[in-house]
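Step one of this worksheet: look at the structure below.
The values are calculated or read from the model by the stated rules, or taken from the named source; none is laboratory data. The shown structure was predicted, so the numbers you read here are calculated from the model rather than taken from an experiment. So basically every Cβ, Gly included, is an ideal-geometry build from the backbone, and we count neighbours across all protein chains shown. Surface accessibility is based on the protein's heavy atoms, side chains included, excluding ligands, DNA and RNA. Shrake-Rupley method; radii C 1.70, N 1.55, O 1.52, S 1.80 Å.
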Amino acid sequence: MEVYEDATSYSYKGFSKKIALLSQLPPKVNKNVDRIMRSTFGDFYPYITFRDGQIVNLKKYFADSNALNRKYGIIPKYDLVFRLKDTLSAIKLYTIFLQLDEYGQVLHINWPRAHPATNKFRDVKSVEYFVLKKAVEFKFNEKGYTVHFSYDKGQEKFFWEFMFPVIGGEKGERKDYDVIKVNWQRNDENNYMIYKTQVISIYD
C-alpha cells in the first residue's frame, strides 16, 4: 500500500506559456501560491517541490472559434504542478495540481482542504488490518485481493479500495469483485462502504 502517482496536466497548446519556476508568476500570485500550499498541506509542506506550470492566455483562448468545444472544464489562468514525496509515510510520489484564476484564487486542488493542519493519515497497516477484519466478517474471498488509491474531488477525501475477487465471478473477460472502500483519514465504523463491481480482467 503505497501512493505513487506521477501524472501529467492538460496541455493548452498554443494558448499558454510554460514556466519552470514559481518566480515567473506575478509577485502577488506567487505569494498567494505559497500561502495556499502552506495552509493546505501543513506538515507535508516541506516535502513538496514545484515541477512545472502554465500561464494561460485566456483572451486568446476564448477568441478561438473552437474554445467552447474543448472539454477542459473551467479554464485556469495559472495551471501549476507540484510533487509531494514523503519517505516517512505511504506517499512515495503524489502529483499535486493547483489551478488558479487570474486573481490567484483556487479553482481546483487535488488535496483535502477542510482540515489542512491535521492532514495526518492513518498508518496503512492499520487500514489494511481494519479492512481484512471486515472481509472476514463478510466472508469475502481474501485470496488475490488488490488495493487501489484514489482521491474523491467532490468529497475532498482520499480512499483506499480493496477489491476481493468473487469466487465463480468470472464472466468472459470480466470479473466480479466485492469492494471495501475506506476513507484514509478515518477507518472506523462510519467511514467505509461495501459494494460490488465488475471490471475487465486486465485491470489486475
I'd like the orientation of helix 27-41 relative to the chain: the angle between its Cα long axis and the longest Cα principal axis, in ° from 0 to 90, rounded to 10.
20 degrees
Could you work out how far helix 124-137 tilts from the main Cα principal axis of the chain, as a 0 to 90 degree angle to the nearest 10?
40 degrees
Simple spin-label model, 7 Å along Cα-to-Cβ: Thr8 to Thr49 in nm?
2.0 nm
Working out 0.36 nm times the residue gap between Ala63 and Glu173, then minus their Cα-Cα distance, what length gain in nm do you get to one decimal?
35.0 nm
Residue among Ala20, Ala63, Ala135 with the largest mean-square fluctuation in a Gaussian network model of the chain, springs linking Cα atoms under 10 Å:
Ala63
So what's the back-of-envelope 222 nm ellipticity for the chain, counting only DSSP H runs of four-plus at -39500 (n - 2.57) apiece and dividing by all residues, rounded to 500?
-5500 deg cm²/dmol
Radius of gyration and Dmax for the chain's Cα atoms, expressed in Å?
20.2, 61
On full extension of the chain, what length is gained from Lys143 through Lys157, given 0.36 nm per residue of separation minus the C-alpha to C-alpha distance?
2.3 nm
If I build a Gaussian network model for the chain, linking alpha-carbon pairs within less than 10 angstrom, which residue out of Tyr151, Tyr192, Tyr47 has the largest mean-square fluctuation?
Tyr47
Just the accessible area per residue of the chain, please: how many Å² with a 1.4 Å probe?
59 Å²
Where labels lie 7 Å past Cα in the beta-carbon direction, separation of Gln24 and Asp123 in nm
4.3 nm
With a 1.4 Å probe and all protein chains left in place, how much of the accessible area of the chain comes from carbon and sulfur atoms, in whole percent?
52 percent
Which pairs break 20 Å Cα to Cα here: Lys139/Lys175; Lys13/Lys157; Lys134/Lys196; Lys143/Lys171?
Lys13/Lys157
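Between beta-carbons, use under 13 Å as the cut-off and find the net charge around Tyr94, counting Lys and Arg +1, Asp and Glu -1.
Within the 13 Å Cβ shell, the charges total 0.
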Counting only residues 5 or more places away or on other chains, whose amide H sits under 5 Å from the amide H of Glu156 once H atoms are built in the peptide plane?
none
